[in-house]
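Taking it in order: structure first as structure tokens, then the write-up.
The values are calculated or read from the model by the stated rules, or taken from the named source; none is laboratory data. Quick caveat, the model's predicted, so the values are computed rather than measured. Note that we place each Cβ from the backbone using ideal geometry, even for glycine, and neighbour counts take in every protein chain shown. Side chains included, ligands, DNA and RNA excluded: accessible areas come from the protein's heavy atoms. Shrake-Rupley method; radii C 1.70, N 1.55, O 1.52, S 1.80 Å.
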Amino acid sequence: MRKHFIYFILVPLIIFFLLIYFFLDNWVESQIEDTGETVFGAKVEIENLKVSFFPLGIQWTKLQVANPYDTWTNLFETGNVKFELDANQLLRKKYIIETIEIYDLAIGSKRKTDGSLPESKRRKSTLLTAERTFKKTADDFINQIKQTTPIFDLAKLKGNFNPDSLIKILDIRTVSKLDSIKQEILRASKQWDASINDFETSKNRILEIESRIKAIDPAQLNNVQNITNAILTVDNSIKTIGDIKSTFENRYKSINNDITAIITSVDSVDDYVKRDFQHLKDMARLPSINTPSIAQLLIGNEMYQRVTDYLGYADIARQSVKKYQPEPEYEKPPRFEGQNIKFPSPRAYPKFWIKQIIIQGGKKEGDLFIGKGTIRNITDDQLTTGLPITIDVEGALTNERSVKISGLIDRRKDVPLDEYSATLQGVPTAEIKLGKSDFLPTTIKNALMNSSIKLTLPGNSFDTNIDVKFSNLSMIFESEPKNIFESIVRQVLERVNSFGVNLRMWNTKSNIDVALSTDLDNQIAKRLQEVVGEELIKLQNHLKSKFDSFINQKRNEFNNFYQAKISEVKEQINYYQTLITDQLSFVENKKKELAERLEREKSGLIENKLRDLLKK
């Protein structure tokens, strides 16, 4: 019996544990690498992974995650990493990690080998398939801005300037708005016509009543009964006119509401005119000598690229961290059949929860140096933990380079909230392009950058604010100035070795707003105004004159129709209102005369009876 136990149970069990001991590390390592590659779409490589059982945990000596957009660079790289799993919760199929310790973190470090994956696997990764809602919204808006970039070349502007042609191809929303109001008036006038027809019928009834009441002569009524009958006729007439008046007042109120709504729509046309003229100016690409136009031309492309990159990262976080969706509600089993009863745990845990990641020490290699920090509460169910994900990391080097990054990812409420902020000081920059290919192309080299970034993303809205200060810079102008605009801008740039930029982009409902400025804008704008301001004003005034002539023609045509319709219906309803008021007053006066006549008749009757009694 003992031999059978040794051969059939103990030996296979020992072999099984030996296989686990020798191959478990490799299996876990490959699982983590495959999972990472599915997420990032680039190679994930781990070195020297070890699984320990007492306590249950994992550690490795190096991790590299390649950047899918630059596969010879790492998104991040770590040295030693170690963590322990809660064995009790693991038995309940829950992965609870108290602390992950990360040493020697490097961001953007160079790789010795290519980190790309086969294209078929790369395309399916979470990082590359994440819906880029915020980024797409910003990209679409920025593309519209780029299409209407002003032309800062006076000779070119004058040569291509043709207001009549621009007006012909302009989608003038003012005209569409006027047509829309006209249709609104036509629809309302059908109801007005129906009301007028009803008023006309009521008018004929009122005139019939007038004829009957005029025929009553109180002086000709010689007894109480005749007077009483006449008063009853007048009372019925008052009631009939009162009913007509009540119906009229409802219709009168409805017509006046229609007129008020139409007048409000007409008043809004001025806003459409302003927007249309601005659109026409954009099409004409007339430059405004103001700070937004200059900043956009000077460094717009660089700053817009930055904001869309940041929003792209925010998209990935929004798609990766979802609000917890509970399993479908339990369906009640048929009667008399058994069911499993789940009792609540004394302490609820989500399925997955990393309580904190501690970063201790960083590598100088790479784009950013992160020396210390914590990331807390990474979980699949924030409703259970009651805690959002928080990020707080920083790093500093002796050459005054420093970075501080904080963030919050909150999925506890119906509306998701993401907040991120970063401050970078003394960061060397690669080449930065100023201007455009067709306007003073310039390259900034060897600059140091201080920047502050804030992103707030409640629900589907976003608000981004970026402040950047470039210092110790040198500028390389790639071509000679082609016109007076470029000459003025170059003269200003040649005198500076530092400048600052601010960009704020935010959306409210369906509209996006942007504010972009540099601390060089006022200098450039002042000089441009002195040299070419008068010529630009002439062009703008000529464009405005042509536009106003076209719009005024359309508005005059509309106003003739609009005034005629409104005046006609007002005249008619005022006539009916006066008619009803006058006839009601006439009938009430007639009743008053009859009442006085009745009193006199009653008094005479009493006097006659008293006189007869005295005679007896």
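Taking each residue as 0.36 nm, the span from Glu47 to Ala261 lengthens on full extension beyond its C-alpha to C-alpha distance by 69.7 nm. These residues, Thr374, Thr137, Thr581, go from largest to smallest accessible area, 1.4 Å probe, as Thr581, Thr137, Thr374. Glu365 exposes around 110 Å² of accessible area when a 1.4 Å probe is run over every protein chain in place. Annotation: amide H-H contacts under 5 Å for Leu117 (H modelled 1.01 Å from N, sequence separation of 5 or more, or interchain): Lys43.
Taking Lys and Arg as +1 and Asp and Glu as -1, the other residues whose beta-carbon sits under 14 Å from that of Phe40 total 0.
With all protein chains kept in place, the per residue accessible area of the range 440-499 amounts to 44 square angstrom at a probe of 1.4 angstrom.
Whenever you get a sec, line up Leu579, Leu503, Leu91 from highest to lowest accessible area (probe 1.4 Å, protein heavy atoms). Let's see the in-between values first.
Working: Leu579 25, Leu503 0, Leu91 150 Å².
Greatest to least solvent exposure: Leu91, Leu579, Leu503.
Taking a Cβ cut-off of under 10 Å around Gln191, the surrounding Lys, Arg, Asp and Glu residues balance to a net charge of +1, with basic ones at +1 and acidic ones at -1. Rolling a 1.4 Å probe over the protein heavy atoms leaves Lys62 with an accessible area of roughly 60 Å². Once the other residues with Cβ under 9 Å from the Cβ of Phe83 are scored (Lys, Arg +1; Asp, Glu -1), what is the net sum? Cβ neighbours under 9 Å give a net charge of -2. Here is the tail figure for the range 443-574: Cα pairs spaced more than 17 Å apart come to 77 percent of all pairs. Reducing the range 177-218 and the range 75-98 to their Cα centroids gives an inter-centroid distance of 83 Å.
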